[in-house]
Protein chains: 2
Amino acid sequence: MASIKEASTIQENKSLAFVTCPVTFVMEKIGGYWKPIILFNLLSGPKRYSELKRSIPTITEKVLIQHLKQLESDHLVVRRSKPVVPPYVTYELSRSGKALRPVLYAMAEWAVANSGKFSKTFSRQMKDFPAA
Amino acid sequence: MASIKEASTIQENKSLAFVTCPVTFVMEKIGGYWKPIILFNLLSGPKRYSELKRSIPTITEKVLIQHLKQLESDHLVVRRSKPVVPPYVTYELSRSGKALRPVLYAMAEWAVANSGKFSKTFSRQMKDFPAA
DNA sequence: TGGTATACATACTTTAGGGTAAGTACTTGT
DNA sequence: ACAAGTACTTACCCTAAAGTATGTATACCA
């Protein structure tokens, strides 16, 4: 009986949970598989939509703009478009987006240190993304 | 025609993709909503299963052990059990799990800096998780 | 005239993750 | 005799996320 009640309120408590755990708060913003990858690819500066697509070959176009729009509405990236044809649209990190650099950089460093034989390839990739 | 071929090979290329992007490698290990939250709760030291459950009230038991087992098979956490009854099982970070501290800590710091009115609550939480 | 490129949109299907509810084995406490 | 706690397991369902395929407007280039 008690356990059922408890379970039923789990979802109701969710809004409360992210108030007590900072990492939960972060996950609500950049949780999931793709967002950190997209953000990492924007660390090196503004990128066009097509550039992003090319640098993340395994993402589908639908999922890419879907996440870009979410990131935009969460104010982590800024979309800029020039009214030309063919369209010219760039995405860049906002201020709070740029503030994620230490997070993403720590991830990349962990990958270098914990990926065994891939670490060399990773450290080559990281040349483009200075820590500061 | 060409676009169809391209799309079809996206999934096949996935194993290749995480070789070129360090963050993708990380996401394959700790991607998703719950894993970083669990790992963060283990930063302060070994915890019993029931302790974890209590400190992450919004997770269900099924999902909790499910992820604990995945984290264990990825060698990020270590499970220790005493053969007593009632059972006494603890989970703690492995060496590479502990190496995630900078990642999780950077997340928590970002939350403190970018959560507005919740930042005070978060910084209280962070007292328990020293950076070093 | 048609192919290419850009930055999307959309309909439809599939899958993986997560949630609910209940059960198990064993012992201590009342 | 029975509830309670511990660390799970299992079966079933449901939804959100992701993947597939195709379409759109516009202009340049050959």
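Which one is nearest to DNA strand D (Cβ to nearest atom) among residues in the range A:32-52 that are under 18 Å from A:P102 (Cα atoms) and of a type in the set (G, A, S)?
Per the criteria, the residue is A:S44.
Please count how many residues of the range B:64-78 are more than 13 Å from DNA strand C (Cβ to nearest atom) and surrounded by 15 or more Cβ atoms within 10 Å (Cβ to Cβ).
The qualifying residues number 4.
For the range A:53-90, enumerate the residues that are assigned to a helix (DSSP H, G or I), within 13 Å of DNA strand D (Cβ to nearest atom), within 14 Å of chain B (Cβ to nearest Cβ) and touching a Lys or Arg at 6+ places or on another chain (Cβ under 8 Å).
A:E61, A:L64, A:H67, A:L71
Of the residues A:A131, A:A106, which is out of contact with any Cys (no Cβ under 8 Å at 6 or more places or on another chain) and facing another protein chain (nearest Cβ under 8 Å)?
It is A:A106.
Condition check: at pLDDT below 95 and either in contact with a helix residue (DSSP H, G or I) (Cβ under 6 Å, 6 or more places away or on another chain) or open to solvent by 60 Å² or more (accessible area, probe 1.4 Å) (or both). Does B:V19 satisfy that?
When the stated conditions are applied, B:V19 passes them.
Scan the range A:100-132 for residues that are assigned to a loop (DSSP other than H, G, I, E, B) and open to solvent by less than 10 Å² (accessible area, probe 1.4 Å) and report the count.
Residues in the range A:100-132 being assigned to a loop (DSSP other than H, G, I, E, B) and open to solvent by less than 10 Å² (accessible area, probe 1.4 Å): 1 in total.
Given the criterion surrounded by fewer than 19 Cβ atoms within 10 Å (Cβ to Cβ), in the same structural domain as A:S44 (by TED's automatic domain parsing), hydroxyl-bearing (S, T, Y) and closer than 23 Å to B:P36 by Cα, identify the matching residue among A:S55, A:S96, A:S81.
Going through A:S55, A:S96, A:S81 in turn, the sole match is A:S96.
The values are calculated or read from the model by the stated rules, or taken from the named source; none is laboratory data. Remember, predicted model here, so these are calculated numbers, not experimental data. Glycine gets a Cβ as well: all are built from the backbone with ideal geometry, and neighbour counts include every protein chain shown. Quick note on the areas: whole protein, heavy atoms, side chains included, nothing else; ligands and nucleic acids left out. Shrake-Rupley method; radii C 1.70, N 1.55, O 1.52, S 1.80 Å.
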